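What follows is a single structure, written as structure tokens, with notes after it.
The values are calculated or read from the model by the stated rules, or taken from the named source; none is laboratory data. None of these values were measured; they are calculated from a predicted model. Backbone-built Cβ (ideal geometry, glycine too); neighbour counts: all protein chains shown.
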Amino acid sequence: MGQSAGASVKKVVIAGGGTAGWMAAAFLATRLGRNLEITLIESEQIGTVGVGEATIPPIQLFNKAVGIKENDFLKHTKGTFKLGIQFQNWGGVGDSYMHAFGSTGHNLGMTPFHHYYLRARQEGMKENLWDYSFNDLAANAGKFAPIDKIEGSPLAGLVHAYHFDAGLYARYLRTLAEGRGVRRVEGKIASVAQDNETGFLRSLTLENGTAIDGDFFVDCTGFRSLLLGDKLGVEFQDFAHMLPCDRAIAVQSENVAPPRPYTQSIAHAAGWQWRIPLQHRTGNGHVFSSAYMSEDEATSILLGNLEGEPVTEPRTIKFRTGRRQVFWEKNCLAVGLSSGFLEPLESTSIHLIQSAIVRLAKMFPTRGVSEAVVREYNRQAIAEFDYITDFIVLHYHLNQRGDSEFWRYCAAMEVPERLKRKIDLFKEDGFLLREDDELFTEGSWLHVLLGQNAVPKGYGALADDISSKELTDFMTNLRTIMNGAVKRLPTHEAYISRFCAAS
């Protein structure tokens with residue numbers, strides 16, 4: 001590759017629309033648009049997967065970067081707020097815990113809060129970890145307001161993400177992107193032309209014969225991976241051995257109560273069910289392994305566990321978990337499903353789109369594609385994807401269910417060595433290891449590890465630096481401050497009604 005393809009990049013062609021395509025178009029047009037001509041090709045005849053309706057907090061950074069105002073965005077996408085994910089039946093049947101966003105407790109000096117918590121439990125304290133999570137307390141009370149700090153204290157406020165209609169989000173971004181100069185072309189891609197010498201992509205020809213040439217191509221063609229996979233031959237690395245689910249049944253249902261400010265993930269015999277509350281409906285799905293359960297049984301379980309009447313027919317989505325060997329090859333970058341897929345257990349689908357686009361913008365090949373830049377992009381992107389994979393595998397592997405063949409397989413399966421190392425470290429004295437600025441923080445690992453019954457034998461020695469009375473007073477004060485702050489919050493429903501109700 002080298003600098004042989006050193007022609008400057010002026011024309012960017014985005015193949016495919018949907019959430020990935022329009023997020024790419026909106027961000028590139030906003031941040032780099034003065035120097036680029038951006039064309040997006042999509043066909044109204046090609047459907048999108050469109051179930052990625054739950055997000056994690058970094059989506060706020062993306063929206064701000066493209067100039068989106070929170071309340072306006074939520075009105076247009078019929079969105080709600082999300083303070084975390086509630087996991088039911090994941091450790092054992094009947095267990096429930098929240099992977100809550102934001103901090104838990106309050107660190108003292110160099111010592112993370114959870115070591116004081118572990119010490120207090122050993123000294124007889126009855127409260128659980130989530131009594132010290134402001135996000136968890138607010139979520140379970142059905143409360144929400146965007147506050148940065150708890151008034152009159154050093155404690156952090158609420159950290160939030162969103163639930164929204166992904167189709168409406170794509171439409172919202174399309175309006176924004178077209179307003180900033182992105183040209184949309186309707187049509188299906190029939191063929192892809194390459195340069196005979198370099199193998200770089202040169203143009204895409206549509207079924208009507210129109211040829212669209214470009215200097216750089218963004219593949220947003222979904223599972224088909226038309227450019228990176230099909231044309232450039234980048235192979236797919238399958239993760240089915242550690243993430244055995246390969247199907248999802250999706251259906252929408254009526255709301256029967258005010259929307260909860262959190263996502264629900266409910267484990268069943270061979271997978272799990274999502275429940276995502278929007279302003280106008282609830283998104284539901286059942287992710288399962290076809291090796292352990294039939295489609296009919298999976299559909300029956302989903303329909304039997306809806307809270308309201310279904311408003312759409314159930315549809316099946318088949319998928320393979322895993323990723324392409326690289327995400328950037330020659331002058332083509334895959335974004336979204338064309339680069340890989342991880343089931344939406346921790347709502348990372350839209351985040352992986354976001355991080356791919358932001359990383360591209362930071363490393364954009366204005367003067368032409370450089371091998372050194374491509375290599376570093378792929379190193380970062382692959383590391384991010386694999387660390388997120390570890391975190392999702394953690395949920396499956398750390399189960400004690402034993403009530404079905406599926407869960408027994410997950411508990412016994414081989415997992416990556418780096419994941420095993422993290423679990424073993426935590427089980428000793430509660431040590432949490434975060435590497436390479438990976439997406440999920442120590443706090444996220446803490447909630448899943450403790451939530452699924454991995455209890456450390458001890459705690460860090462630095463947590464002995466205060467007396468038992470000081471420890472009791474510290475824990476009591478934290479609970480008092482947080483519970484008082486939750487009482488003062490408006491309900492989630494009242495906040496939406498006042499500031500961002502869909503018209």
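One residue is enough: does segment 127-134 have a residue meeting the conditions among the hydrophobic types (A, V, I, L, M, F, W, C) and within 23 Å of the chain's Cα centre (by Cα)?
The answer is yes, given that some residue of segment 127-134 is among the hydrophobic types (A, V, I, L, M, F, W, C) and within 23 Å of the chain's Cα centre (by Cα).
Conditions tested, residue by residue: (1) surrounded by fewer than 21 Cβ atoms within 10 Å (Cβ to Cβ); (2) in contact (Cβ under 8 Å) with a residue 60 or more places away in the chain.
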residue: ALA270; (1), (2): no, yes
residue: LEU278; (1), (2): no, yes
residue: ASN305; (1), (2): yes, no
residue: GLU313; (1), (2): yes, yes
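Let me spell it out: the conditions are (1) over 21 Å from the mean Cα position of the chain (by Cα); (2) outside any loop (DSSP other than H, G, I, E, B); (3) crowded, with 17+ Cβ neighbours inside 10 Å, and VAL251 meets all of them except one. Which number is the exception?
So VAL251 meets the others, but not (1).
Going by the conditions given, is SER191 polar (S, T, N, Q), surrounded by fewer than 18 Cβ atoms within 10 Å (Cβ to Cβ) and assigned to a strand (DSSP E or B)?
The answer is yes for SER191.
When the residues of segment 209-235 are narrowed to those that are part of a loop (DSSP other than H, G, I, E, B) and touching a helix residue (DSSP H, G or I) at 6+ places or on another chain (Cβ under 7 Å), which ends up surrounded by the fewest Cβ atoms within 10 Å (Cβ to Cβ)?
Here the residue is SER225.
Give the residue, chosen from THR389, THR366, that is over 21 Å from GLY18 (Cβ atoms) and buried (at least 18 other Cβ atoms within 10 Å of the Cβ).
Values: THR366 fails: buried (at least 18 other Cβ atoms within 10 Å of the Cβ).
The match here is THR389.
In segment 3-15, what residues are assigned to a loop (DSSP other than H, G, I, E, B) and at pLDDT 95 or above?
Of everything in segment 3-15, those that are assigned to a loop (DSSP other than H, G, I, E, B) and at pLDDT 95 or above turn out to be VAL9, LYS10.
Tell me, which residue of segment 16-53 that is among the aliphatic types (A, V, I, L, M), in contact with a Gly (Cβ under 8 Å, 6 or more places away or on another chain) and modelled with pLDDT of 95 or more is farthest from LEU168 (Cα to Cα)?
The extreme case among them is ILE38.
Which one of ALA454, ALA463 is over 17 Å from ILE147 (Cβ atoms), in contact with a His (Cβ under 8 Å, 6 or more places away or on another chain) and surrounded by 13 or more Cβ atoms within 10 Å (Cβ to Cβ)?
Values: ALA454 fails: in contact with a His (Cβ under 8 Å, 6 or more places away or on another chain).
None of the others qualify; the one that does is ALA463.
Residues in segment 316-346 that are closer than 23 Å to ILE85 by Cβ and of a type outside the set (S, T, N, Q): how many?
Looking only at that region, the number is 13.
Return yes or no: is THR30 of a type in the set (Ser, Thr, Tyr) and assigned to a helix (DSSP H, G or I)?
Working: of a type in the set (Ser, Thr, Tyr): yes; assigned to a helix (DSSP H, G or I): yes.
So THR30 fits the description; yes.
I need the full set of residues from segment 489-503 which are surrounded by 14 or more Cβ atoms within 10 Å (Cβ to Cβ) and free of Cβ contacts under 8 Å to residues at least 12 places away in the same chain, in order please.
The answer is ALA494, and nothing else.
State whether the residues of segment 13-27 include one that is polar (S, T, N, Q) and either in contact with a Ser or Thr (Cβ under 6 Å, 6 or more places away or on another chain) or surrounded by 20 or more Cβ atoms within 10 Å (Cβ to Cβ) (or both).
Within segment 13-27 (the criterion being polar (S, T, N, Q) and either in contact with a Ser or Thr (Cβ under 6 Å, 6 or more places away or on another chain) or surrounded by 20 or more Cβ atoms within 10 Å (Cβ to Cβ) (or both)), the answer is yes, since at least one residue qualifies.
Looking at segment 339-349, can you tell me whether even one residue there is surrounded by fewer than 24 Cβ atoms within 10 Å (Cβ to Cβ) and under 24 Å from LYS10 (Cβ atoms)?
The answer is no, given that none of the residues of segment 339-349 is surrounded by fewer than 24 Cβ atoms within 10 Å (Cβ to Cβ) and under 24 Å from LYS10 (Cβ atoms).
I'm checking my understanding of the structure. Among residues of segment 59-83 that are in a loop (DSSP other than H, G, I, E, B) and among the basic types (Lys, Arg), which one is farthest from the chain's Cα centre (by Cα)?
LYS69
Which helices (runs of 4 or more DSSP H) does segment 387-503 wholly contain that include 3 or more residues that are touching a Gly at 6+ places or on another chain (Cβ under 9 Å) and within 23 Å of GLU127 (Cα to Cα)?
By residue number, 442-451, 468-488.
Starting from segment 469-488, take each residue that is under 15 Å from GLY142 (Cα atoms) and list its partners that are of a type in the set (Phe, Trp, Tyr), counting only C-beta distances under 6 angstrom and pairs at least six apart or across chains.
MET482/PHE134
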